[in-house]
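No value in this document is a laboratory result; all are computed from the given coordinates. Everything numeric here is computed off the predicted structure, so don't read it as measured data. Cβ coordinates were reconstructed from backbone atoms using ideal geometry, including for glycine residues, and neighbour counts include every protein chain displayed.
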Amino acid sequence: MSKLKRHHKIEITAICLLLALSVAFVSFLSVHQFSSHELRVKYFFMEDENAIDVVNIGASEIYTGFSPEYIWHNYGITSYNLATAGAPMRLAKSEVKAAMETQNPKLMVISLNGAMYDDERSTHEGYTRMWLDNMPYSQLREEAIEEWIPEKDRINFRWKILNYHDNVARLTECLQLSWKEFKAKKDQRFLTISGVQGNASTDKKRDIVDISNYNKERKLDKEADKDLTDLLEYLKGEDIKNVIFVNMPRFYDKEMLGSKEKINTAIKKVKSYGYDVYDFDKLVGSIGLDQQHDFYNAAHPNIYGQQKISKYFYENIVPKYVKNHREYSDELVERWNENYDVYTQFYAWADKVIKEKGNSGYYYTYKAIDHIMDGTIDKYEKWLDMKSKIVKKSGEDTEDRESTGSSHDSGSHSDFDLKSGANPDAKSGSSSH
């Protein structure tokens, strides 16, 4: 080979390498959903290997239902909410694989919430992207893409930047989140507390139906049934025994009974495979949950309900499966104690808001934690108040109700564009605080 050809080959290789690095760098900067879901998934993969004893898998009922920081302080066990809003049942198998590969936890807790979904919601792109787009590039991610995504659409998932190029309009936020991600990966601090999400408010009075003895069943929709069966077959086939299933508590009115009937069907199916199921709907009294005090809507607990559920679960159920936790390093203990310190500040803020505002409090995300640590929570409150007034004045029945402080929506997906996988505020820039 002549020197000229060799020189050209080196130049081409260098250009290709530079291009690849540039794409990787731009992706790191721009692939953001601007949500707690993003942090919750990304930060899970930043945890030390085999450092988490209990992994909770599901949707919003999981991250509003369990507090890893409260659990750590009171029971000395590390746990993680590997949960995203509206998570369909099909995500659970991939999340179980991720947990086994990175943590080999003593216990995995899988919510049956996704079993209630209809076919459209079970296959919705946005709910799927909350998990897929925040996973690191890996064989596990590729397996999920090939299993869930039609071949003609896969390139849009494999190359994340193709779906997030509009984020260039939010460069400042992208830089802030990328820097936050870089620091988290470097020092592994505040990984669980950064994923908090919920509503600092109480629920309005509802006509509640007693479902303590309600055992009627309803057929699951096709996709949810297929995904639950696939999960159970996988667990059984791999002889994975460190798994239990839960149905997190709700307060039902008559319109919600169809969901309960589907849950009853799912519970029966799980039990037929030999796995334990805990139906928290029937434990509301034992837990001591009060609809108007401990929940911010029919299906999601506030900070008070979260502590009650966490306490009951770790005193009455977890000890049956986790006899003793791993030996934790001094560094890990220090980080978790830091997490708890921030949690106590967050809890005090949310408690104050609830006592002042009742059922018209604030929806919060990781931004509340950032402002608490920066000492600027008052500024955050003023911004939330201003945004709420703008929405009320416009008379808009927005899908972003949670971000405006309304406490009576679904609590699941309002800060996320379910079609594109991007925050709906991207068009207006209204979530820049």
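Here is how the numbers come out for the structure above:
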item: For the range 31-341, the fraction of alpha-carbon pairs in successive 20 Å shells from zero, as %; result: 33, 60, 8
item: Protection-proxy order for peptides 341-352, 185-196, each taking the mean of Cβ atoms within 10 Å per residue, highest first; result: 185-196, 341-352
item: FRET efficiency, residue 222 to residue 330 (Cβ-Cβ, R0 45 Å, nearest 0.05); result: 0.30
item: 10 Å binning of all Cα-Cα separations within the range 42-83, expressed as whole percents from 0 upward; result: 29, 57, 14
item: Restricting the range 135-180 to trypsin sites (Lys or Arg not before Pro) in coil, as DSSP defines it, with at most 10 other Cβ within 10 Å; result: none
item: Part-to-part distance (alpha-carbon centres) for the range 51-97 and the range 172-192, which is given in Å; result: 20
item: Dipole axis of the range 31-341 (+1 Lys, Arg; -1 Asp, Glu on Cβ), positive-most option in 114, 159, 337; result: 114
item: The range 252-318, Cα convex hull volume normalised per residue, Å³; result: 87
item: Charge dipole magnitude, Cβ of K and R +1, D and E -1 - the range 31-341, Cα centre, debye nearest 20; result: 420
item: Listed residue (184, 128, 64) projecting farthest to the positive dipole end of the range 31-341, Cβ model; result: 64
item: Protection proxy ranking, peptides 208-221, 296-309, 54-67, average beta carbon neighbours within 10 Å, highest first; result: 54-67, 296-309, 208-221
item: Full-stretch length increase - residue 104, residue 175 - with 0.36 nm per residue and alpha-carbon distance subtracted; result: 22.2 nm
item: The range 31-341, relative contact order in percent, only Cα pairs under 8 angstrom and at least six apart counted; result: 27
item: Dimensions in Å of the range 152-224 - Rg and Dmax from alpha carbons; result: 21.7, 53
